[in-house]
Structures are given as C-alpha cells and as structure tokens.
Amino acid sequence: MTGRRLTSLLAYVTTAAAAASLLTGCGVLPGATGGSREPVTVMTWAPDQTRATNMPGMPAMAQTYARWVNSQGGIDGHELRVLTCNEQNSPSGAAACARRAVRENAVAVVGSYSQNGRAFMAPLEAAGIPYIGGYGIAEDEFTSPLSYPVNGGVASLVAGHGMQLADSCERVSLVRPDTTAGDKLPELLNSGLRKASHHSAIDIPAQEDAAEYTRQAGSARDRAGEEKGCVTAVLGERTQTFFDSFRRLPEDEKSDGVRISSVLGSVDQPVIDRTGGPHSPFEGAFVTGWYPAEGDKSWAPMRKVIQEHAFVDNRVDPADTGVQTTWIAYTVLREVIEGLDKDSVTAGEISHALDRGERIDTGGLTPSLRWKYEDMLGAPGFARIVNHEVTFQVVRQGRLVAQKPGFVDVGETVLSAP
C-alpha cells in the first residue's frame, strides 16, 4: 500500500471514530446547535392488549416522530427522547405510567390516551408536568390547569354528532357505555339534536367490554322507528362489535331504512377497512370527527414522516385517530420548544409558555391553538376546551370523506348541554 493511500485510510478511520464517539460516547445529537443543548425527555402512554379500547398506534407514532425529528437535528438542537408506557386501561396502570414519567424527569406527557384522568393527573400536577394533546376521553383533561387539549374531546364529538344527525334522522337511538363517562353522552347528543328542535335520543346503556350486543342492537333498531330512523353507537373499540351484532339481526322490513352512525375513534378508516371496505356494514354511515378526513392534503407531512420513518410498524396507520392526535400533540411540543430557544428545557418552562399564550399553527389540521384564559370555552366539566370545531363525514365506497367542507363550530352546543 502506498503512503498516500495509507494516509487517506487513516484519515477515514479517524473521522469515522470521531463520528462514532459523538453517537455513543457522550450522547450529543449530530446536527445539534453547537452540540451543547440537552436532550428533551417526554412520555407517551396508551392501553395495549386489553379487553376494552386499545391505542397502540399512539406510542408507535411518538417513536416514529422522534426518529424523524432527530434525523433532522432534533427539536431546536435538542435530541427528543420518547418514553412509552402501557396504561392498561386501569387506574393503577395510568398512575404507574405517570409516576414513571416523574421518576425519569419527563418534561411533558404528549399525545396519550387514558380514561383514568384522576389517577394520572395527580402525580403529573404534583411534579408540574404538562399533559399535551391527550386523546380527549377523560374529564380531567379539560379541567386540570396542566392539561392542554388539542381537540374538544368526546363532548364536542357527541354534541356535534347530534347536529349532524338532526337534518337526516327523525328518531335516534344512542347505544353508549354504562359508565360514569357514558352517562353524560345522551345530554350532549341531545344538545345537538335540539338545534333542529329534534326529539331527544333514546338512551340505551351497554356494557363497555361485552362480547356481543344482540339485545341492545334489537332494541336500538326497533326504537329508532320505521322511517328515517338512525342508530348511533359510541362504544370505543367495541363499536365494531355492536354493529356486527346489529348486522346479524333478523331482517325486518319495517326497519330497512334505519341508518347507522358514530363518532371518530369509535369508527375510523382502519375499522372500515377491516370490516369490508365498500362492503362494510358502515357503508353510508354518518361520522363526526375532530380533524379533516384522512385523505385531506393537510395530512401530507404526517404521511411522509410515517412512510419514511415508521418502517414496517403497522401500528402507525395515518388514518387512525389516535395516531393523528399524537402527531398534532407533538407539533405543539415542537413549536413550544423552538419558541423557548434555550439550551435546557424544563416542564415548568413548557407549561409557562403555553399559559402565556403561545399560538400553535397545526397546518390546517385544527384551528390555531392557544390556551390563554380567554380562549377557553368554559363549559362545566370541559372548561379547557380551546378547539370546539368538528368535521362532518360520511362513508362512501368504503372511504371516510367530508359530508360538508371545513369545520363546524359546536361551542355553543356544548355550552347548552346540562
């Protein structure tokens, strides 16, 4: 080997070794500003492999987001470190995840799902850790001063759904969980139906994790009436089970015209795909969502990130509402950290930035978001709603598409619910 080639080889080896030391020796993120900014640790949790609602796509989307943003040099030079946790659909599981977030010095919990708000908010509040962009399922997400919701929660969906159904349905049967949270759904739906001087919905409580719903399905169909009747189910992951029972009911000529409906999260594009696409029992169903339909161009940046950084992880479905919520929540986190422009970031600094009125642009996926006092809806039990707009969608040829363009403001409707 000549001296020139040997010199070139040594230079290459020395450069490669230096790069490796950056990656593994001192934990500095390549591309970070001056290599001096500290990593930012956050947590995303959701239930997985439980008997009720599961949201594995949310932690998977968080990990995908971290891979993408770190490949770009991090968030304002900070490596993003994402911890994930199985919330297990239980108060003890939610509390355990929150305590782990505190123990591992997370500066925020971002884009997570849990119905057990009381269990997880207390540890977060004690440690001053903000909860950014939860799924919108727990009441505490809309009452805690450290919660920053990106959507209007189930309250906005169900109130908006009443508005959507009022123009097409003479009578509505509502099948909902026989739980404390489920008890609030009839009045929210009725607040939307009343916008058109409509009859109140027929309330049919059901077990949240039942294996079949034949009795409830029969009652819902019969009581919806013979003409322009509608059956809506809001049962989370078990909504598919309910409509399977509904489809298997003996034929009844008097009920042939009954239409079905639900809200996004209980029915979304992955559920429609799994149940037959254009031949799905959801064909023609009305669906109320928080965000634009999954084919909207506003989702293009998220789709690109998933395509390039989710690899073969089929949990990360761009049409999944949990995945979409997580993307938006991390968009909020990124804008806040970039606005701080500091070498180290604390939980208190993030919540303070949000409280003082940092306005977040989500690229058309929501209205601009801001959590100052004057931006909050102030509805009882849902005081911290700042985004009270929904979308009306319908299933056509196996795809969820917009029934009408743009967003519908349901703020007054939520406020009018008892």
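General remarks:
- Modelled spin-label separation between residue 143 and residue 122, with each label point placed 7 Å from Cα along the Cα-to-Cβ direction: 1.3 nm.
- Extension gain for the segment residue 312 to residue 252, taken as residue separation times 0.36 nm less the Cα-Cα distance, is 17.1 nm to one decimal.
- Within the shell of other residues whose beta carbon sits under 11 angstrom from the beta carbon of residue 228, the net charge comes to -2, with Lys and Arg scored +1 and Asp and Glu -1.
- Residue with peak Gaussian network fluctuation, the chain [Cα springs, cutoff 10 Å], from 93, 162, 265: 93
- Computed extension length for residue 195-residue 342: 48.1 nm, one decimal, from 0.36 nm per residue of separation with the Cα-Cα distance subtracted.
- Globularity ratio of the chain, using Cα Rg and 2.2 N^0.38 Å: 1.08
- DSSP-defined beta bridges in the chain - what % are antiparallel, rounded to 5: 30
- A compact globular protein would have a Cα radius of gyration near 2.2 N^0.38 Å; the ratio found for region 177-319 is 1.17.
- Over region 61-100, accessible surface divided per residue gives 36 Å², non-protein components excluded, 1.4 Å probe.
- Accessible surface area normalised per residue over region 165-303 is 44 Å², counting heavy atoms of protein chains with a 1.4 Å rolling probe.
- Qualifying trypsin sites (Lys or Arg not before Pro) in region 173-259, DSSP loop, other Cβ atoms within 10 Å at most 12: 248
- Each Lys or Arg adds one and each Asp or Glu takes one away; over the other residues whose Cβ falls under 14 Å from the Cβ of residue 239, this sums to -2.
- The residues packed around residue 217, meaning those with a beta-carbon under 13 Å from its beta-carbon, carry a net charge of +2 if Lys and Arg are +1 and Asp and Glu are -1.
- Beta bridges from DSSP with both residues in region 249-396: antiparallel share about 65 percent, rounded to the nearest 5.
- Gaussian network model of the chain, Cα within-10 Å springs - most flexible of 271, 150, 231: 271
- Rounded percent of accessible protein surface that carbon and sulfur make up, region 214-356, 1.4 Å probe: 45
- Computed over the alpha-carbon atoms, region 201-256 gives an Rg to Rh ratio of 0.94, Rh here being the Kirkwood radius from the mean inverse distance.
- Our estimate of slack between residue 404 and residue 92, defined as 0.36 nm per intervening residue step minus the Cα-Cα distance, is 108.1 nm.
- Computed about its Cα centre, the charge dipole of the chain is approximately 860 debye, with only Lys, Arg, Asp and Glu carrying charge at their Cβ.
- Exposure rank, largest accessible area first [283, 349, 251; 1.4 Å]: 251, 283, 349
- The residues 154, 395, 312, sorted by heavy-atom accessible surface at 1.4 Å with ligands and nucleic acids left out, run 312, 154, 395 from largest to smallest.
- Using the Cβ-Cβ distance between residue 244 and residue 359 with R0 set to 51 Å, the FRET efficiency from 1/(1 + (r/R0)^6) comes to roughly 0.70.
- Accessible area of region 32-138 belonging to carbon and sulfur atoms, whole % at 1.4 Å probe: 43
The values are calculated or read from the model by the stated rules, or taken from the named source; none is laboratory data. Just so it is clear, the structure is predicted and the values come from calculations on it, not from any experiment. Here the Cβ is made from the backbone with ideal geometry for all residues, glycine too, and neighbour counts use every protein chain on show. Ligands, DNA and RNA are stripped out before the accessible areas are found, and what is left, the full protein with its side chains, is counted by its heavy atoms. Shrake-Rupley method; radii C 1.70, N 1.55, O 1.52, S 1.80 Å.
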